[in-house]
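The next block holds one structure in the form of structure tokens; read it before the comments.
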Amino acid sequence: MTEQLRLMAVHAHPDDESSKGAATMAMYVSRGVDVLVATCTGGERGSVLNPKLQGDPWIEENIHEVRAKEMDAARAILGVKQAWLGFVDSGLPEGDPLPPLPEGCFALQPVEEAAGALVKLIREFRPHVITTYDENGGYPHPDHIMTHKITMLAFDKAGDPDAYPEAGEPWQPLKLYYNQGISLERIKALDAAMNARGLESPYKEWIARWEESDRKPREITTRVPCGDFFEVRDKALIAHATQIDPDGPWFRVPMEIQREVWPTEDYELARSLVDSSIPEADLFEGIQIPVGASKIPNPS
């Protein structure tokens with residue numbers, strides 16, 4: 001009997017999978033790992049952020065369909081599978097005080113009910129490892145925070161035969177990680193490298209805002225070497241054309257600097273049912289697979 005390693009990445013909106021952990025996923029796909037992106041919402045309340053496409057009435061009227069096609073293009077570039085959980089985008093409330101969230105949106109769903117859809121998908125796909133956001137959502141978008149909540153509950157309940165009995169045969173994932181790809185340490189390192197080469201850094205204001213805030217650094221337990229797949233990551237991100245300006249700050253650091261200064265995508269191990277040595281360089285560290293199965297891929 002052989003068994004293929006499986007990785008599930010749980011994200012809030014289409015485009016999140018391409019900005020958080022995309023190179024990691026592409027690297028694992030290249031090594032024979034089965035990778036599935038679970039997208040909680042359709043991103044239908046997202047604004048058109050690419051200035052080149054703003055003001056297009058057809059895009060604005062058909063944003064759900066447009067973002068679904070963008071997701072399909074990004075999925076193909078990364079080589080992953082993808083499934084929609086079917087929830088409605090909550091939008092990003094702005095103002096003081098903040099307006100109420102739209103009725104029926106993802107962030108207003110009862111957590112135990114919403115987690116059922118993810119439990120079902122986990123039991124169908126049977127991932128060994130899951131990635132998602134920390135309790136702050138990576139940033140405080142209500143859908144990101146809700147994604148964290150349902151993923152944590154689903155991780156704990158997917159293997160419980162008494163929980164969600166209608167969702168299929170139990171399956172217990174072994175490890176869960178938080179995406180921590182955007183850290184102050186990484187941004188400062190890239191900023192310093194740009195300055196040393198006489199190049200304009202896109203991170204000045206970002207660093208200033210971060211240092212003025214009370215945001216605390218997260219523990220990075222796992223750095224996955226995946227610099228060879230940064231171009232694939234960027235192509236997938238650009239496929240989300242309504243959200244990403246190809247001339248924007250995401251792409252101003254030359255690829256050779258990125259690979260030299262920070263050739264990893266970084267994670268925080270949040271749950272583990274196996275023993276592994278911290279720091280790690282592999283999301284599958286410590287996971288044993290049956291005799292005859294493919295070896296755990298070496299990302300180095």
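The values are calculated or read from the model by the stated rules, or taken from the named source; none is laboratory data. Keep in mind the model is a prediction, meaning the values are calculated, not measured. Positions of Cβ are generated from backbone atoms using ideal geometry, with glycine treated the same way; all protein chains shown enter the neighbour counts. Accessible surface areas use protein heavy atoms only, side chains included; no ligands, DNA or RNA. Shrake-Rupley method; radii C 1.70, N 1.55, O 1.52, S 1.80 Å.
Just a few scattered comments:
- Condition met for ASP214 (farther than 28 Å from GLY43 by Cβ, out of contact with any strand residue (DSSP E or B) (no Cβ under 8 Å at 6 or more places or on another chain) and either modelled with pLDDT of 95 or more or not hydrophobic (A, V, I, L, M, F, W, C) (or both)): yes
- Residues of the stretch 244-277 that are over 30 Å from VAL66 (Cα atoms), in a loop (DSSP other than H, G, I, E, B) and modelled with pLDDT of 95 or more: TRP262, PRO263, LEU273, VAL274.
- Of ARG215, ARG233, ARG271, ARG259, all but one fail to be surrounded by fewer than 18 Cβ atoms within 10 Å (Cβ to Cβ), touching a helix residue (DSSP H, G or I) at 6+ places or on another chain (Cβ under 9 Å) and either in contact (Cβ under 8 Å) with a residue 60 or more places away in the chain or of a type in the set (A, V, I, L, M) (or both); the exception is ARG271.
- Hits in the stretch 175-218 (condition: farther than 30 Å from VAL129 by Cβ and polar (S, T, N, Q)): ASN195, SER201, SER213
- Considering the stretch 78-101, and only residues there that are touching a residue at least 12 places away in the same chain (Cβ under 8 Å) and open to solvent by 70 Å² or more (accessible area, probe 1.4 Å), the residue that is farthest from LEU118 (Cα to Cα) turns out to be LEU92.
- The set of residues in the stretch 103-127 being open to solvent by 10 Å² or more (accessible area, probe 1.4 Å) and either among the polar types (S, T, N, Q) or not in a helix (DSSP H, G or I) (or both) consists of GLU103, GLY104, GLN109, PRO110, ARG126.
- Across the stretch 1-18, a minimum of one residue is classified as more than 17 Å from LEU92 (Cβ to Cβ), out of contact with any Leu (no Cβ under 9 Å at 6 or more places or on another chain) and among the β-branched types (Val, Ile, Thr).
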